[in-house]
Amino acid sequence: MHELAIAQSIIEAIETRARECEATRVTSVRLKIGEASGVVEDSLTLCFEMLANEMPILAGAQLTIDILPHRARCRHCDREFAIANYIAQCPTCQRWSTDIISGTELQIMDMEIET
């Protein structure tokens, strides 16, 4: 369950930034996670809540996760398409020369704090 390590890293980054902003409390955190990132949303949420509640500055913080679709763009015909089952073959021209344009992200987008 690598979600525990991911949650720990997220909490460390948030705590550092909150202290830089002289926050007394973090009320919410929003993440952007790609559907092909390998992160299980429910597990990450559970781990985040468990770890956050151990820290006074993060206790009770709400976690929001925006899931981004796994998409690619064909280098040959320039068509954008959804990737199904990790198969990035262009459905229009059947070529395999594609660039992944979304779906592998894991980013902290923003957080709300009290000062």
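Remarks
- Subset of region 87-115 [closer than 19 Å to ASP66 by Cα, part of a strand (DSSP E or B) and not acidic (Asp, Glu)]: ILE100, ILE101, SER102, LEU106, GLN107, ILE108, MET109, MET111
- Filtering region 13-48 to residues that are over 15 Å from the mean Cα position of the chain (by Cα) and either within 17 Å of LEU68 (Cβ to Cβ) or surrounded by fewer than 15 Cβ atoms within 10 Å (Cβ to Cβ) (or both) leaves THR16, ARG17, ARG19, GLU20, CYS21, GLU22, THR24, THR27.
- Pair list, Cβ < 8 Å and 6+ apart or interchain, from region 42-69 residues that are of a type in the set (Ser, Thr, Tyr) to residues that are assigned to a strand (DSSP E or B) and at pLDDT 95 or above: THR45/LEU63; THR45/ILE65; THR64/SER28; THR64/VAL29; THR64/ARG30; THR64/LEU31
- Just one of (1) outside any loop (DSSP other than H, G, I, E, B); (2) β-branched (Val, Ile, Thr); (3) farther than 24 Å from ARG25 by Cβ fails for THR45. It is (3).
- Picking from residues in region 83-110 that are aliphatic (A, V, I, L, M) and touching a Ser or Thr at 6+ places or on another chain (Cβ under 8 Å), the one that is nearest to SER37 (Cα to Cα) is LEU106.
- Residue ID - nearest to GLU112 (Cα to Cα), chosen from residues in region 17-35 that are in contact with a Leu (Cβ under 7 Å, 6 or more places away or on another chain) and either of a type in the set (D, E, K, R) or not in a strand (DSSP E or B) (or both): LYS32
- Taken over region 59-86, the residue count meeting the criterion of being outside any loop (DSSP other than H, G, I, E, B), under 30 Å from SER9 (Cβ atoms) and not hydroxyl-bearing (Ser, Thr, Tyr) is 11.
- Residue match in region 49-65 (condition: crowded, with 18+ Cβ neighbours inside 10 Å, at pLDDT 95 or above and either polar (S, T, N, Q) or over 16 Å from GLU112 (Cα atoms) (or both)): no
- Matching residues, region 59-115, being among the acidic types (Asp, Glu) and at positive phi: ASP78
The values are calculated or read from the model by the stated rules, or taken from the named source; none is laboratory data. Predicted model, so just to flag it, every value in this text is computed and none were measured. Cβ atoms come from the backbone with ideal geometry, glycine included; neighbour counts cover every protein chain shown.
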